[in-house]
Amino acid sequence: MCAIFVLRPYEAVISCDTGHINVHECGAVENTGHKVISVPNIDGKLDLTALIKTIEEHKSFHMLVPKMIYISNSTEFGTIYNKKDLITLREIYDKYNLYLFVDGAKLGSALTSKSNDLTMADLAKGRLLGIQFMELFTNNLFYNLAKHANLMAENLRKVLAKYNIEEYIKNDTNQIFIKMNINLYNKIKDKVEFEIQNQKENYIQLRLVTSFATTSKDVEELDKLLQENS
């Protein structure tokens with residue numbers, strides 16, 4: 001969030017409604033004195049028509065000035081921005097003299113996903129205090145850790161499919177979105193860490209995220225747990 005401090009007090013950040021800073025940051029951006037203006041998403045990515053409409057609507061002297069476009073790659077739905085998406089965004093922020101901030105917390109999973117067509121050079125992503133990342137970019141460690149997270153997610157998807165647990169959002173990064181029978185969920189909820197997305201009468205929508213620390217043993221243990229409780 002250090003990048004937010006380039007903004008003046010009257011300038012705001014635009015994020016899609018599902019964006020990390022709009023949903024999961026516990027008001028961190030607003031705590032710096034900058035409002036987050038949300039626009040609708042399409043599969044977790046900014047709805048560009050709504051983005052332009054929002055920018056155009058904020059031209060009064062009595063309104064905040066949108067100055068930074070925020071995106072995360074991969075998104076909160078596990079989808080990714082491709083090169084064409086970023087070129088289109090570039091045209092928008094150049095036209096309106098805005099900043100574009102790409103949240104890189106899940107960037108490794110995006111860059112190593114099967115449908116990705118971006119490279120680090122395309123992003124030219126800078127990092128404050130970047131010296132701490134030097135080790136990550138030695139011997140492909142950054143990419144290897146991200147590939148591992150994606151591989152563990154792929155293996156986890158195979159396990160979930162064995163028990164007919166449906167994915168309600170499809171992607172090929174390290175985020176998995178499932179619909180689980182409420183009875184099964186109640187049996188295993190104390191043994192598995194889920195993020196609850198939505199709850200219905202008969203099922204619950206959950207988000208699972210793998211990381212560099214996820215092991216094959218973790219996947220095997222979930223397989224065993226599901227087998228015992230299905």
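Quick notes on this structure:
- Selection count where residues are modelled with pLDDT of 90 or more and part of a helix (DSSP H, G or I), scope region 94-142: 9
- The single residue among Asp223, Asp122, Asp172, Asp190 that is of a type in the set (Asp, Glu) and assigned by TED's automatic domain parsing to the domain that holds His24 turns out to be Asp122.
- Where Tyr143 falls short, out of the listed (1) of a type outside the set (D, E, K, R); (2) buried (at least 16 other Cβ atoms within 10 Å of the Cβ); (3) within 30 Å of Ile87 (Cα to Cα): (2)
- You will find that of Ala121, Ala213, the residue that is free of Cβ contacts under 8 Å to residues at least 12 places away in the same chain, loosely packed, with under 11 Cβ neighbours inside 10 Å and closer than 23 Å to Asn82 by Cα is Ala121 and no other.
- The set of residues in region 48-88 being out of contact with any helix residue (DSSP H, G or I) (no Cβ under 9 Å at 6 or more places or on another chain) and more than 27 Å from Leu118 (Cα to Cα) consists of Lys53, Thr54, Glu56, Glu57, His58, Lys59, Ser60, Phe61, His62, Leu64, Val65.
- A single member of Asn202, Asn183, Asn144, Asn164 is on the phi > 0 side of the Ramachandran plot and polar (S, T, N, Q), and it is Asn164.
- Test for Asn164: is it in the same structural domain as Leu225 (by TED's automatic domain parsing) and in a helix (DSSP H, G or I): no
- Subset of region 146-188 that is under 30 Å from Phe133 (Cα atoms) and of a type in the set (S, T, N, Q) - its residue that is surrounded by the fewest Cβ atoms within 10 Å (Cβ to Cβ): Asn155
- Of all residues in region 1-21, those being assigned to a loop (DSSP other than H, G, I, E, B) and modelled with pLDDT of 85 or more number 7.
- Among (1) under 21 Å from Val36 (Cβ atoms); (2) surrounded by 14 or more Cβ atoms within 10 Å (Cβ to Cβ) - the single one Leu111 does not satisfy: (1)
- Test: residue in region 155-166 that is among the hydroxyl-bearing types (Ser, Thr, Tyr) and at pLDDT 95 or above: yes
The values are calculated or read from the model by the stated rules, or taken from the named source; none is laboratory data. Worth saying up front: this structure is predicted, and the values here are computed from it rather than measured. When we count neighbours, we look across all protein chains shown, and the Cβ atoms used for this are built from the backbone with ideal geometry, even at glycine.
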